[in-house]
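For reference, the structure discussed in these notes is given below.
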Amino acid sequence: MRAVWILWLRQLKRYSRSRARIVGSLGQPLLFLFALGFGFGPVFARAGNGNYLDFVAPGIITMAIVFTAVFGGIEMIWDRQFGFLRETLVAPVPRLAIVIGRTSGGATVALLQGLIVFVVCLLAGLRIHNPLLLPVALVFMGLISVVFTAIGTAIGSVLRDMQGFQLILNFLVLPLFFFSNALFPVAGLPAPLRAAVLLNPLSYGVAGMRQAFNGGIGFDTATDFAVLGVAGAVLLGISSLLFSRIEA
């Protein structure tokens, strides 16, 4: 347990010291927020779908979380190249404790990044219909952080160079984000695209967060929790298995 706390604190210290990383990781979500939120707002409203900023804000928050969480895997590749990972692997602690510590630390960092974007969305005009449901949205943000930090850990466990990680980012993470309901509603989509959105676990995280912001939770929210929880457990198991095969 002590090893988990140490690795968790190490991730937070890295985050707090890297101001350039904090600012840089905010660039893309803020660009999407202002370009799409205000650019497509009139079109979305004329289509009778309401305020587009309220609709897209959960997706923009999710974007900040997802990319921050997955980039935690790059830190593992960096640690491996400079020998820091070997120091962790030879420590007399279970590999599972190392995975949990790194994943929880990376997820906490991603959650903090998402909270920063959430505050910016509030300043931009996001309306919270029931503030009492904000803890529900926070739970969904935490689950998304865990799921994608586990994905980053799994990828970082099998790759040895930064170039390979960029390929995975372009062919896995970006499609998961764009083939979700983060930027557009599911209703009216062609059947193949609708199926891709419904099979994507990220869609359930965005939907749950959006329902919490809009002040409504129900049976669908329970389904969103269940899907994200199962996805997180499965991915943590996969990342633990892959990490256990790394040679010290």
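Could you put Tyr204, Tyr52 in order, starting from the residue whose Cβ has the fewest other Cβ atoms within 10 Å?
So the residues, fewest neighbours to most, are Tyr52, Tyr204.
Within a 10 angstrom radius of the beta carbon, how do Phe148, Phe38 rank from fewest other beta carbons to most?
Going from sparsest to densest Cβ surroundings: Phe38, Phe148.
Between Ala233 and Val139, what is the FRET efficiency for a Förster distance of 25 Å, r being their Cβ-Cβ separation, to the nearest 0.05?
The value I calculate is 0.95.
According to a simple spin-label model (label point 7 Å from Cα along Cα-to-Cβ), what is the distance in nm between Leu122 and Ala191?
Here the modelled spin labels are 4.5 nm apart.
State the extension gain, in nm to one decimal, for the chain segment bounded by Asn170 and His129, taking 0.36 nm per residue of separation less the distance between their alpha-carbons.
Gain on stretching Asn170 to His129: 11.2 nm.
Fewest to most neighbouring Cβ within 10 Å: what's the order for Met63, Met209?
Arranged by neighbour count, lowest to highest, Met63, Met209 become Met63, Met209.
Over the Cα atoms of region 156-248, Rg to Rh with Kirkwood Rh, two decimal places?
1.06
Rule-based calculations on the coordinates, nothing more; no lab input. The shown structure was predicted, so the numbers you read here are calculated from the model rather than taken from an experiment. Don't worry about glycine lacking a Cβ; one is built from the backbone with ideal geometry, like all the others, and counts go over all protein chains shown.
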